[in-house]
Amino acid sequence: MADNLQAVAFKEFKKSNLTQFFVQNRAMLGYSYPSKSLVIAVHELVTNSLDNCIVAGIKPDIFVKIDYDPKYINTPQQKNRLILTVRDNGTGIPKKIIPTIFSTFLQGTKFRVNRQHMGQQGIGASGVVLFSLVETGEPTFMKTGDGQTTIEAEIKMDLETGESQNQILKEYKSDFRGTEIVVHLGEVLYGSGSASVDEYLKELFLANPFSHITFINPDGEKTEYKPIVDQMPNPPVVEKYHPLGLDVQTFLTLLNKSKYKTVGEFIEKDLQRSGRDKVLDLNKILKRDLYKINKTAVNRKMAEDIISAIKTLKWKAPKTDCLMPIGEEALTRAIDELFKPEFKTIITRPPKAYRGGIPFIVEIGLAWGENCGIKSDKTVEPQILRFANRVPLLFDASADMITQSIKEIDFSRYIKNTTNFPISVIVNINSTFIPFNNAGKMAIDTDEDIKAEFKNAMFDGLRKISVFINKKRAREILEQHKSKMREYEDHLARILSEASDGYKSPNEIKIGLEKIINKLGDNGVED
């Protein structure tokens with residue numbers, strides 16, 4: 001009887017693969033509704049291109065084009081069937097990787113690499129290929145070259161087995177260098193507004209103003225962002241892991257891959273901010289000699305004990321040359337170019353660590369003026385532009401730590417005597433590991449360390465805006481007083497001239513009064 005019940009209960013039970021999982025749950029990758037799906041596809045391919053160029057030290061030249069699929073012109077499906085082309089001038093893709101590139105999940109150069117990057121663990125571009133196959137059945141076209149040899153390939157995966165079905169179509173000599181991806185998209189929609197491809201590329205340029213980005217929309221309209229910063233940022237360095245940033249599984253994985261045979265050697269030489277003295281301290285806590293424990297003998301319980309012991313010691317803060325913030329000069333120029341503000345300030349907080357040993361840097365730019373903020377019929381609300389590792393976060397704002405933190409700040413404490421807040425806030429969180437709260441990577445999860453640094457940056461920036469507004473208001477009041485005084489100059493000059501029996505003419509006295517009025521405010525009010 002029991003066997004029969006189990007047979008009924010588990011009749012539909014079967015093994016699934018990662019591809020099948022994402023086919024059924026593609027909303028987890030951000031493909032949840034038509035306009036967002038298009039932006040996500042652009043985001044995944046463009047950030048791949050930018051990452052490749054930056055790491056290689058190549059000034060990015062990114063071309064993005066969206067066309068209506070000719071098969072659906074003048075049909076009800078025309079606006080929902082688009083072809084996306086993204087081309088870069090990067091390094092190109094090695095031939096040996098092409099058989100599985102973009103059609104195998106969790107494949108890439110970023111997985112478990114302790115360095116700031118834009119993408120996440122090789123899911124992104126594969127997700128675009130998967131989404132395309134599910135919605136259109138069309139393979140993705142790829143052209144890639146290193147400046148000498150060009151390869152054209154068809155990118156496809158088996159949706160049932162998850163196996164790659166990539167095929168090299170042809171290979172030939174050419175001076176083309178970079179990668180071009182052409183992907184067919186269904187159930188997408190090109191639109192305008194604050195969550196559009198246009199806005200995404202505009203904000204991407206704001207955070208990467210050394211880039212050249214060209215966009216052509218389905219109607220053939222061209223938008224071009226030319227570099228306004230000459231110098232490329234220094235590529236982030238791949239750093240060793242910090243001991244306090246390790247969980248048990250990462251510790252075991254790194255230990256297993258280490259070239260050193262003992263646990264002590266691994267901790268001393270494969271982790272940053274470590275050394276022999278730290279291992280000896282751990283030996284005392286654990287009452288074991290880690291230099292005599294072979295890494296093959298370490299089980300999960302022992303790893304848990306080592307991690308617990310690590311957390312009891314004091315360590316130097318993690319190195320930050322693995323991070324690549326936008327930088328004050330680049331952010332200043334980008335804000336000037338896009339907002340032309342009346343006042344701006346850039347705040348970069350000192351490097352800190354969250355979860356004990358994961359480095360991060362918070363930087364914000366605040367712009368105040370007529371072109372800033374979000375305007376409605378009667379009011380102007382603060383505009384919040386969120387970034388993670390220089391990448392715009394256009395969606396899932398309500399679930400984001402930055403948005404939640406902004407709501408906790410009383411702007412009226414700093415900006416008084418006004419109901420309008422023509423302010424744009426640019427927030428960029430830099431880290432080797434951004435704590436996104438979903439696979440779509442559009443919202444940052446709440447972490448108290450990151451939240452505290454962001455709020456401190458905001459308070460600092462708002463105080464500077466407050467000083468600017470107060471001085472501006474003081475200047476306006478002073479000018480009003482001066483204007484009022486000038487109304488009485490002629491009358492007062494005549495009275496003083498008569499009272500002095502014409503010692504000086506009214507005109508001479510008026511000139512003296514004007515000098516006195518002009519000097520008002522020279523005590524620093526106008527600085």
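The values are calculated or read from the model by the stated rules, or taken from the named source; none is laboratory data. Note that the structure is predicted; figures quoted are calculated from it, not measured. FYI the Cβ positions are ideal-geometry reconstructions off the backbone, even for glycines, and counts take in every protein chain you see. Quick note on the areas: whole protein, heavy atoms, side chains included, nothing else; ligands and nucleic acids left out. Shrake-Rupley method; radii C 1.70, N 1.55, O 1.52, S 1.80 Å.
Please report, in debye to the nearest 20, how large the charge dipole of the chain is about its Cα centre when each Lys and Arg carries +1 at its beta carbon and each Asp and Glu carries -1 there. Before the final figure, lay out each step's value.
Numbers: 73 positive and 69 negative charges, 403 e Å.
I would put it at about 1940 debye.
Show me 462-470, 440-448, 502-510 ranked by packing, highest mean number of other Cβ atoms within 10 Å first.
440-448, 462-470, 502-510
With unit charges on the beta carbons (Lys and Arg positive, Asp and Glu negative) and the dipole taken about the Cα centre of the chain, which residue among PRO422, ILE293, ASN89 sits farthest to the positive side?
Of the options given, the answer is ILE293.
Return a whole-number percent for the relative contact order of the stretch 190-240, with Cα pairs under 8 Å and 6 or more residues apart as the contact set. If you can, show how the numbers build up before the last one.
Numbers: 41 pairs, mean separation 13.1, N = 51.
Computed over the stretch 190-240, the figure is 26 percent.
How many angstrom separate the Cα center of the stretch 351-385 from the Cα center of the stretch 479-513?
Distance between centres, Cα-based: 51 Å.
Can you work out ³J(HN,Hα) from phi for every residue in the stretch 86-97, in order, using Karplus 6.51 cos²θ - 1.76 cosθ + 1.60 and θ = phi - 60°, giving whole Hz and x for Gly and Pro?
Calculated HN-Hα couplings, in order: 10, 10, 10, 10, x, 7, x, 10, x, 4, 5, 8 Hz.
Whole Å is fine, so just give me how far the alpha carbon centre of the stretch 260-325 lies from that of the stretch 161-238.
Computed from Cα coordinates, the inter-centre distance equals 42 Å.
Given the peptides 41-50, 429-438, 314-323, arrange them by the average over their residues of other C-beta atoms within 10 Å, most packed first. Intermediate values should be presented prior to the final figure.
Working: 41-50: 25.7, 429-438: 19.5, 314-323: 17.0.
Order by mean packing, descending: 41-50, 429-438, 314-323.
Remind me, relative contact order of the chain in percent, using alpha carbon pairs under 8 angstrom and six or more residues apart? Please list the in-between numbers first.
Details: 976 pairs, mean separation 65.0, N = 527.
Once normalised by length, the contact order is 12 percent.
So what is the relative contact order for the stretch 408-527, in percent, with contacts set as C-alpha pairs under 8 Å and at least six apart?
22 percent.
On the Cα set of the chain, report Rg and Dmax in Å, please.
Cα-based Rg and Dmax for the chain come out at 30.2, 127 Å.
If you put +1 on each Lys and Arg Cβ and -1 on each Asp and Glu Cβ, how big is the dipole of the stretch 430-527 around its Cα centre, in Debye rounded to 20? Each step should come with its number before you reach the end.
Working: 17 positive and 18 negative charges, 31 e Å.
Using Cβ point charges on Lys, Arg, Asp and Glu, the stretch 430-527 gives about 140 debye.
Ranked highest first by average number of other Cβ atoms within 10 Å, how do 138-144, 340-346 line up? Walk me through the intermediate numbers first.
Numbers: 138-144: 21.4, 340-346: 18.6.
With the highest mean Cβ count within 10 Å placed first, the list reads 138-144, 340-346.
Amide H neighbours of TYR241 under 5 Å, at least 5 residues apart or on other chains, H built in the peptide plane: list them.
The list, which skips near neighbours in sequence, is GLN272.
Projected onto the charge dipole of the chain (+1 at Lys/Arg Cβ, -1 at Asp/Glu Cβ, origin at the Cα centre), which of THR345, TYR200, SER505 gives the Cα projection farthest towards the positive end?
It is THR345, whose Cα lies furthest towards the positive end.
Starting from the Cα gyration tensor of the stretch 43-88, take the square roots of the eigenvalues, sort them a ≥ b ≥ c, and report rounded, prolate or oblate (rounded when a/c is under 1.5, otherwise prolate if a/b is larger than b/c, else oblate).
Details: a/c = 5.98, a/b = 3.68, b/c = 1.62.
The shape class here is prolate.
Can you tell me the orientation of helix 124-136 relative to the chain, as the angle in degrees between its alpha-carbon axis and the longest Cα principal axis, to the nearest 10?
80 degrees
How far is helix 248-257 tilted off the main Cα axis of the chain, in degrees rounded to 10, range 0 to 90?
On a 0 to 90 degree scale, this one is about 60.
Measuring with a 1.4 Å probe in the full set of protein chains, what accessible area per residue, in whole Å², belongs to the chain?
On the way: 26390 Å² over 527 residues.
Here the per-residue accessible area is 50 Å².
Just reorder MET232, MET485, MET324 by solvent-accessible area, largest first, 1.4 Å probe, all chains present.
Numbers: MET232 40, MET485 85, MET324 15 Å².
My answer, sorted largest first, is MET485, MET232, MET324.
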